[in-house]
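Everything below concerns the one structure shown next.
A short reminder: the numbers here are calculations on the coordinates, not readings from a lab. Quick caveat: nothing in here was measured; it's all calculated off a predicted structure. Here the Cβ positions follow ideal geometry from the backbone for every residue, glycine too, while neighbour counts run over all protein chains shown.
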Amino acid sequence: MNLEDYIRNVPNFPVEGIQFKDITTLAKIHLAFKESCDRIIDHYKEKRISKVAAIEARGYVWGGVIAYQLGAGFVLIRKPGKLPYNTLKETYELEYGTDTIEMHTDAIEEGDRVLVFDDLLATGGTAKAACNLVEKAGGEVLGIAFIIELTGSLHGRDKLTGYNILSLVEISVEE
Ligand code: AMP
């Protein structure tokens with residue numbers, strides 16, 4: 001099954017010039033959704049993952065399934081002000097300005113073996129910030145998984161050197 005066939009490209013969303021990769025068209029097809037989950041689960045099933053940490057909101061759709069099937073707990077990484085208890089924060093650079101993500105201080109314990117999941121790798125800033133949060137809390141990042149990796153001009157992998165990265169679909173973008 002070619003998962004790329006199920007991803008919709010939406011030009012100029014949310015702003016002019018962005019080619020938005022819409023994975024709702026993949027998620028809604030049972031066999032495509034199942035295959036995308038299974039390929040990540042198969043890749044990490046021998047790694048004794050204890051927590052899957054996923055980034056809101058699309059990350060949760062796959063993250064919960066992956067955590068359940070790996071026999072791991074699930075950790076929510078969220079935008080600022082959404083988590084109710086004490087949080088660790090990580091701020092990272094965007095093309096214009098900065099963004100921040102948060103995780104509960106007690107979500108990850110010392111020695112946790114963590115798989116970080118997000119739907120898409122673009123510049124790598126979000127995934128790197130998520131890894132920093134996990135490591136601040138004492139967890140070890142065993143891998144970072146994505147459905148889509150944008151390759152070409154963005155060089156997202158360069159921000160993530162040293163980590164085990166899995167992406168199911170590579171899509172080349174030029175700016
Ligand atoms: P980055 O931090 O640049 O790697 O951006 C990754 C985050 O932004 C992910 O959570 C994606 O959901 C979102 N994102 C960035 N670029 C796109 C795109 N072209 N299409 C869909 N989502 C995107």
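Things worth noting here:
- With the charge dipole of segment 47-173 set up from +1 on Lys and Arg Cβ and -1 on Asp and Glu Cβ about the Cα centre, the Cα lying farthest toward the positive end among the listed residues ILE165, ALA72, SER153 is that of ALA72.
- Segment 134-161-segment 58-101 distance, computed between alpha-carbon centres (Å): 14
- Cα centre as origin, Lys/Arg/Asp/Glu Cβ charges: the chain dipole, Debye: 480
- Lysine pair count for the chain (Cα-Cα distance under 24 Å; residues 8 or more apart in sequence or on different chains): 29.
- Maximal additional length on extending the GLU135-TYR68 stretch stands at 21.9 nm, based on 0.36 nm per residue less the C-alpha distance.
- The modelled label-to-label distance for the pair GLN19/GLU109, using points 7 Å beyond Cα in the direction of Cβ, is 4.5 nm.
- Beta bridge orientation in segment 1-129: antiparallel %, DSSP, nearest 5: 55
- Cα Rg, Dmax (largest Cα-Cα span) when computed across the chain, Å: 15.5, 44
- Residue-averaged [θ]222 nm for the chain, counting only DSSP H segments that reach four residues, each worth -39500 (n - 2.57): -7500 deg cm²/dmol
- Sites matching chymotrypsin sites (Phe, Trp or Tyr not before Pro) across segment 12-100 that sit in DSSP coil, with at most 10 neighbouring C-beta atoms within 10 Å: TYR85, TYR96
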